Structures are given as C-alpha cells and as structure tokens.
Amino acid sequence: MTQLALGMLAVVLAAPVPVLLGRARFLTQVPRAAVVLWQAVAVAAVLAALGAGLAFAFALVTPHGRPGGLDLGAPRILAHLVVLAFTAVVAARLGWALASHAHGVRAMRRRHRELVDLLADGGSSAGSMTADPAQVRVLGEPVPLAYCVPARGAHRVVLSTGTLRELGAGELAAVLAHERAHVRARHDLVVELFTAMWIAFPHGVRSADALRHVRTLIELLADDAARQVAGAVPMARALVRLADARRESPGVALGAAPDATADALLRLDRLAADLSPHRALAAGVYAAAAAVFVLPTAMLALPWLVHALEVLR
Amino acid sequence: MAMGELERDVMMQLWAADSPRSVREVHAALAAERDLAYTTVMTVLDRLARKQLVTRSQDGRAYRYSPAYSRDELAAQAMASALHDAGTDRDAALLRFVDSVSPAEAATLRAALDQVERARSTKTSRPAPARRRRRSDSR
C-alpha cells in the first residue's frame, strides 16, 4: 500500500499541485516563503517517486505486507531487482541532469565573464555608484542591457552604455541593488534546481510552470531589495524603461519571454503597494512547505515503524 | 582583478596589431607605459590561449600570438548570450533585470508605471516601513 500512496503523492505533487500553486496569486505576497514551498514540492515529488519505487521493490519480496515476512522465491527476487534498477535509473537520471546542467551553466558563465571582462569600457561611470565597482562591467552597446552573471566570489553585474543613457541615477541604483540581491541570495541556485528538474523529466510529463513561477518570485524578491535601497518608484521606472528596450534598437532580436509583460505587471503591482510582511500568510506557507517535504519520508518510514513497534511489543 | 586588466590590455595590443606578435613584442609595447615583467606577459598570453581567446603559432623557437576573434566578434558573442531567447536551459546562465516587451506591451507597462507613481506619491506622507519589517519581507 505504501508504494501506491507514494506513487499517487508523486503524481499529485508533479502535476496538479504546481498548477494550483501557479494560480495562487496570494503566493506572490510572500515571495520568499513561496520559493521555499515550490522547492519543497519539487523535492518531495522526487522523494515520493523514488520512495514509491523502493516500497514497491520491497513489497514484491514481502507479500504478506510485513517487512518481516520475506518471500525469497526466484521470480520475486528478479522482479524486486528490476524495480530497484528502474528506481536507480530514475535517480541517476535526475542526478546526472543536476550535475551536467550545473557544469554547463558554470562553463557558460565563466565564458561570458571572460568576454565582458575583455570588452568592458575602462573606468565606467557606473563603477563609482556601487559598493563593489570591481564587479560591474559596462559594455559599449547601444542596446540597454542589465543582468548579472552569478558565480560564487566572481559574479559580474553587466550594464551597457545604452542602459546608462536610458536611466537616471536613482534608477541605476535600483538596477544595481536588484542584481546584487540576486547575487547575494544565490537566486541562481534556485533557478538551476528547477531548470535541471525540467531537463530531467521526460517530454510530455514535465512542465515549465514551476521554473517560470520561481523565476518570477525571485524577481519580486530582488525588487523588494532594490526598493529599499533606491525606492519603489525608481525601481518601477527602471523596470519599464528597460523592458521597452526594443524601442531604441528595433534591429536587435532581444530575447522576449512569452510572459514578459505579465511578469512586469506583477512586479509593478507589488511596487505600487506598501511592503508588508504578511506574517501569518508566510508562516502558513512555510508550514505547508515543511509538511510537504516531510510527507513522503514519513509515508515510507511509517509501515516499518509500525512493524518495529509490533515486534517490540 | 589586475590579471583581468592585463588580459584586456594584451588583447588590445593584439587587436591593434596587423600581424601575429611575439611575447617580446607585446611586452615591449606594454612595458613602455608601465613596469611589467616579461614572464607576466608570457603568463597572460598563456592564459588567453587556454581560454581560446588567442591562437598560437610556432615561429622558429618562439610563439607568435594573434587574436582568435576580432573585438566585434567577441562583442557579438557576448550580446548573443546576453540577449538569448528565454525558455531554454541556456537561459539559466544569466539573470536578466527584465525581459523586453513589444511596443504595444510597453504602453501597458507605462500605464502601470503611472499607477505606481500615483500610488507611491499619495503615500509619501506616511512613515517609511520600520527596519524590522523590511528585513522580514525581502532580502
């Protein structure tokens, strides 16, 4: 029974739950807790799926439903090993996706860092505006650019001359504070986890929803940090100016995400409102995250615990 | 950081040159402006070669170096990854401040910005959120 329950839990956590979380607008009120909840759901889905495989494998050799009552006939052993092997393959596939994605992303970042270090204008005017001028690079490009290249101890915040032309001092401060918030909180690791999970799951099963929503949530978090440094209005102005970058360079095929406008509107909504901690809501979301995370482990361990108690009695 | 600057200066020399340069030539050009060891230039060129930013060719007993790409080509490479379309795994390499939108969508955003400015201006008389509240909500 454990394997069935865990299997259903894995399916529920993999499909309907992310859809529901994606629709829950209240989660954008507590972005940090929401990011934690998304991660808990993702990790729990994986644990439940792997747990279902393990439980099924053991159920095959314990037909009486008791961990103690072993049946070691050859066909059962064989089936047990097949299921175990399948579970191991699923785990390995996920592990491989995480490792190879992490490696690939780091290689791309390193290459990009080398390029911007070589290409950056010397003695940038943005350098004086920031606490860590060594990490800011200004490319001599008319297209407004603003992004960070995350890396532990070697990150870069990249702007272009187009960005400096487009933004006032307050707005520039907001952009820098926003990017530094990403760097400081290692938001890249969260994005990496969800990207790797997206890669690991087979086409047809996977959905980019979790990745997309988590990306939006980390932008909200970085906006929150930026408004405390530079104010909500400069942050909002910088957002709108840079989103409208194509106006200045219609020839450039700028990467446009399908949800770019919806995301920007959500961020502007949050900037229009007062920052409020929504403590009760956050606590509830954290509690949900903890429960979701513990659930598959508890379900896997429960029958064994029950059995152990019976034996002891 | 010093190494990064040196790499940039060495690349500038190679880009400005019309033919492959030896370590000695690069060193001579750079040492005219500052105190710089020959071996440092050698190390920098070696690093650049490992990064595949310069190519090395044997000339007698010495190596000659030339840029693997023109500055414009490197700029195009950087721009290509900076502006890469969203929605692929490659996208996770960089965290962009905001994705760009079409002119029509930009008008929508500007209208929303007006609302932000109005909302915030009516709230300027209110005290700023307390420090402890800020920390709890966003970091």
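The values are calculated or read from the model by the stated rules, or taken from the named source; none is laboratory data. From a predicted model like this one, the values you see are computed outputs, not experimental measurements. Here the Cβ positions follow ideal geometry from the backbone for every residue, glycine too, while neighbour counts run over all protein chains shown.
Being buried (at least 20 other Cβ atoms within 10 Å of the Cβ), closer than 28 Å to A:Ala107 by Cα and modelled with pLDDT under 95 is a condition met by at least one residue of the stretch A:221-242. Taking the stretch A:143-178 as the range and being at the interface with another protein chain (Cβ under 7 Å from one of its Cβ atoms) and not aliphatic (A, V, I, L, M) as the test, the residues that pass are A:Tyr147, A:Cys148, A:Pro150, A:His178.
Residue-level analysis places B:Arg50 among those that are within 14 Å of another protein chain (Cβ to nearest Cβ), closer than 17 Å to A:Leu115 by Cβ and at pLDDT 90 or above. The set of residues in the stretch A:258-313 being more than 24 Å from A:Pro18 (Cα to Cα), touching an Asp or Glu at 6+ places or on another chain (Cβ under 7 Å) and in a helix (DSSP H, G or I) consists of A:Leu271 alone. Checked against (1) at pLDDT 90 or above; (2) surrounded by 15 or more Cβ atoms within 10 Å (Cβ to Cβ); (3) of a type in the set (Asp, Glu), B:Asp99 meets all criteria but (1).
Filtering A:Leu37, A:Leu47 for residues that are in a helix (DSSP H, G or I) and more than 16 Å from A:Asp209 (Cβ to Cβ) leaves a single hit, A:Leu47. Note on the stretch A:137-154: residues that are within 18 Å of A:Ala174 (Cβ to Cβ) and outside any strand (DSSP E or B) amount to 2.
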